[in-house]
Amino acid sequence: MYRQNHYYPSAANFAPYQYDFPANANMNNVNPQFSEHSRQQTINGQATWTEGGAITKCGIPWSTNQYMTVAVGTNSSYPCGRMLKVRNPATGREILVKVVDETPGYAQNQINLHRKAFEALGVNPQQGIMNVEITPVHDFTQQKWGKYLMDIAKTAYPLYRIDESNFIDKTQISPEQTRETYEYVLQSSQDRFTVQGAVLYNPKNDWVLSFAMSEK
């Protein structure tokens, strides 16, 4: 049963359409931490890998975000929960990882990825280390499809505000089909719950092919 939901998106009778991303979106019911516009600065650095552990400095499990997680140096400016875009210039692959732990002795431009995140950048763990480009994702809404699904969640649950947003994964099904999945934590004065949204789109022209949203 959906909570005071005046509109709930359905894939039934859904026709593909092109999504025009707004330049100035209405973010009135989004937690302020997701509406700050900070300059993104990319730094060149190095990444190692780890299998993680049961306990983290941030209290966030390594399994969060489908194991797309990372530890940073003790004195790093990247706080717990910060999303980082990590790109391997050698393969062109990039991922979004969440800061969940600390690694003593690491500099600002050194990170320790979970093994699955390391492999997702196209490198065999036996290599041990790789050169990467690191960009902090200060504003979640700058991820355009995350913003698209966030707008749907806001419309579906007008009496709730969005307290947390998390990128889950991105899958290229074919050259004309890519699926992205996000999670949103919704909060009211009496209730708090999580919804997961997924959008299937054509990356060549930004045509939305389908979308779905469900409560967890």
Q) Considering the zone a paramagnetic label at residue 93 would reach in this model (a point 7 Å from Cα along the Cα-to-Cβ line), which residues of segment 165-182 have amide N under 12 Å from it? A) none
Q.
Need one number for segment 43-137: average projected area of the convex hull over its C-alpha atoms, nm².
A. 5.1 nm²
Q. Quick one: net charge of residue 95's neighbours, Cβ under 15 Å, K/R +1, D/E -1?
A. +3
Q | Residue list for segment 166-181, given a label point 7 angstrom along the Cα-to-Cβ vector of residue 214 and an amide N cut-off under 19 Å | A | 166-171, 179-181
**Q.** Segment residue 171-residue 44, length gained on full extension (0.36 nm per residue, minus Cα span)
**A.** 43.1 nm
Q: Please list 60-71, 42-53 highest first by mean number of surrounding beta-carbon atoms within 10 Å per residue.
A: 60-71, 42-53
Q. Under 25 Å from the Cα of residue 147, which lysines turn up, not counting those fewer than eight places away in the same chain?
A. 85, 98, 170, 204, 216
Q | Under 12 Å from residue 144, Cα to Cα: aspartates and glutamates that are on another chain or at least 8 residues apart | A | 20, 180, 206
**Q.** Surrounding net charge for residue 173, when Lys and Arg each add one and Asp and Glu each subtract one, Cβ distance under 14 Å
**A.** 0
Q) Local charge sum around residue 136 (other residues, Cβ-Cβ under 9 Å, Lys/Arg +1, Asp/Glu -1)? A) +2
Q.
Highest mean first, how do 205-212, 110-117 rank when packing is the count of other Cβ atoms within 10 Å averaged over residues?
A. 110-117, 205-212
Q: Hey, can you grab everything whose amide H is under 5 Å from the amide H of residue 60? Only 5+ residues off in sequence or another chain; H modelled, so Pro and N-termini drop out.
A: none
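Any read-out appearing in this document is the output of simple, stated calculations on the displayed coordinates, not a laboratory observation. Owing to the predicted nature of the structure, the values given are computational and were not obtained by experimental measurement. Because the Cβ atoms are built from the backbone with ideal geometry, glycine has one as well, and the counts that use them run over all protein chains shown.
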